[in-house]
1. Residue by residue, what Karplus-based ³J(HN,Hα) values in Hz, rounded to whole numbers, does the range 106-114 have, using 6.51, -1.76 and 1.60 with θ = phi - 60° and x for Gly and Pro?
2. Before anything else, pin down the relative contact order of the range 2-115: Cα pairs under 8 Å, at least 6 apart, normalised by residue count, whole percent.
3. So for each of 91-98, 12-19, 39-46 I average, over its residues, the number of other beta carbons within 10 Å; can you give me the resulting order with the highest mean first?
4. What are the ³J(HN,Hα) values, in whole Hz, obtained from phi via the Karplus relation 6.51 cos²θ - 1.76 cosθ + 1.60 with θ = phi - 60°, for each residue of the range 6-13 in sequence order, with x given for Gly and Pro?
5. When all C-alpha to C-alpha distances in the range 2-115 are sorted into bins of 5 Å, what percent of pairs does each bin hold, rounded to whole numbers?
6. What does the extension gain come out to for THR61 and SER109, with contour length at 0.36 nm per residue minus their alpha carbon separation?
7. With +1 assigned to the C-beta of every Lys and Arg and -1 to the C-beta of every Asp and Glu, and no other charges, what is the dipole magnitude of the range 1-96 about the Cα centre in debye, to the nearest 20?
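What follows draws every value from the coordinates through simple rules; no lab data is involved. Just so you know, these numbers come straight off a predicted model, no measurement behind them. Neighbour counts run over all protein chains shown; Cβ positions are idealised from the backbone, glycine included.
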Amino acid sequence: MFDAQNAQHQQWLQQAAHARAEAQQRDALVLENKLQQDRAVLAEKFGDDWTDPGKQRALLTNLAEVGAALGYSEQLMSQADAGDYLALKTAADWKAKADKYDQLMSDRSKVVTAAKNAPRVATPGTSRDQQGRYAAKRDAAWARVQQSRGKDGDAAAALLETMGVNL
């Protein structure tokens, strides 16, 4: 009886080992199919950047840097699939765009600072010299004297203004 039970136990162990081996093969096959699908999706989305080994290394390095900046560990990056790579590529594109914008804004502030420090430009037209301003005041005062029609106060004030005395 012991031999029969032992034989049955050995048979069960062999069946269990056989089932484990089949499950591992099935898992490996599923994983290989998933990897092939991921490669096809990445080749379609990334094009030459994914199919060319040199460009692929550069792309993966860039995506790893972005992933590290977003908090992905190296272990998580090693387990990344096509969806993760596509999301990281989108984030990398956003980061590149933000970096360009930051650079543009820093250059813009330099231009604004340089413009503020530039020498002032004269306004168009001729400026009056001091003698020209005095002549204009004199002419205006003389015109008031002529319009005063004999009022002594207005005439005296205009005459004093003509001489350069300000009251």
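1. Per residue, the Karplus-derived 3J(HN,Hα) values read 5, 5, 5, 5, 5, 5, 5, 5, 5 Hz.
2. Reported as a whole number, the value is 18 percent.
3. The peptides rank, most packed first, as 39-46, 91-98, 12-19.
4. Ordered by residue, 3J(HN,Hα) equals 5, 5, 5, 4, 5, 5, 5, 5 Hz.
5. 2, 9, 12, 13, 11, 9, 8, 7, 7, 5, 4, 4, 3, 2, 1, 1, 1, 1, 0, 0, 0
6. 14.0 nm
7. 60 debye
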